[in-house]
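This report concerns only the one structure given below.
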Amino acid sequence: MLLGERGGWPGFMACPSSLLRRAGYVRLCPTLTSGCSMGPLRSASAEARKPPPSRNASPRLRPKISLGQHFLNDANIARKIVQAVDACAPETLIELGAGTGALTLPLWDKYPDMMAWEVDRRAIEILRGRLTEQRAQLLGAEAAVNAATSELVQHRDALRVNWSQAFATERQRRGRPFITVVGNLPYNIVSQILFGCLESTDVIRHAVFMVQREVAERITAPPRCKDYGVLSVIAQLYSQPRILFPVPRTVFSPVPNVDSAVMRFDFVEPAAVTGLSCLHTAAAVRRVVKLAFHQRRKKLRNNLDADALHEAWADRRAEELSPTEFVELARMLLATEKKRSARQ
């Protein structure tokens, strides 16, 4: 007992320091009578039992609402995404929206030639630091890996990239024909990113994207379904999309208001889609799909050129047509337009 029999301070002050040390306390100043503070003694074994910090634990960074940032903080989900990327057998791998590296670090372990794109310069600084530290541990001298880290993590906006132009020359030079893209996409730009990939299937072969669950359901929706729309038709024409696994909202910081899902897209070139071998036809299909769904409950005669529609098409609604039927419809409208032009 540290206190005296009467429980007062004199008994405490009279305790020898050896007894205090055995009881788990250490003196932090030369004499007990000089008003020193006392603290519990931390043993070396207790320190040794402390688990090391996780390499995948993302440093704290205040999210920017304007960028729609929700940082993944679950190593198990990151591991499952890496496995999904492995299944694509990527030749060239690009991560979109790398953030502070929750996904980049485990990906880099397997794909050291990958590229990570990010628009937030704060996150870029953090991620480059983490990768430099990781490379230094694996390869040795830190100075030797700084330049490579800067090349790996690039300040680049995927919304402003023309994939075909940016990588066509590099594809020929490096002999790496197709790109796989991966990313936890901000909810507010999912459609824009996806349409950019769908229009660049000459260089992009696969994608593994984490998107809002409702968006994933729209992308994979069949005809005659309330979720079936423009995104469904275009995505299913130019790719084979499928949902791999759900992701709960609780694995993000800050926690969003919706759940997510990880999807895989296997893209196909327009030439491989019946009737889409001509770029002019492909552009017409996208235009027709958007017009047809402008008022989804109305019949096609109300959304498209009624005079150019055959009766078989005029009384149908957009949500009833399959993706391949939209191709057939677009080709028919193009043919009618050409005949009109020839008469004039």
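Remarks
- In terms of distances greater than 29 angstrom between alpha carbons, the cross-link table entries K80/K290; K290/K338; K110/K226; K226/K338 yield K80/K290; K110/K226; K226/K338.
- Remark: Y228, Y111, Y238 ranked as Y111, Y228, Y238, counting other beta-carbon atoms within 10 Å and listing the fewest first.
- Two-site label geometry, A87 and N257: point separation in nm, points 7 Å out along Cα→Cβ: 3.2
- Sorted ascending by nearby beta carbons within 10 Å, beginning with the fewest, F265, F71, F245 become F245, F71, F265.
- Cβ-placed point charges (K, R +1; D, E -1), dipole of the range 65-268 about Cα centre in debye, nearest 20: 240
- In straight-distance terms, cross-link reach from K298 covers every one of the aspartates and glutamates whose alpha-carbon lies under 12 Å from its own, apart from those fewer than eight places away in the same chain; here that gives D315, E319, E320.
- Cβ-derived FRET efficiency at R0 22 Å, Q240 paired with M332, nearest 0.05: 0.30
- Computed log₁₀ I(q)/I(0) - Debye formula, equal Cα scatterers, no solvent, the range 150-258, q 0.09, 0.10, 0.13, 0.19 Å⁻¹: -0.28, -0.34, -0.57, -1.09
- Stretching the chain fully between D315 and R297 yields a gain of 5.3 nm (0.36 nm per residue, less the alpha carbon separation).
All of the numbers you see were taken from the coordinates with simple rules; none came from a lab. All of these numbers come straight from a predicted model, not from anything done at the bench. With ideal geometry, Cβ positions are generated from the backbone for all residues, glycine too; neighbour counts draw on all protein chains shown.
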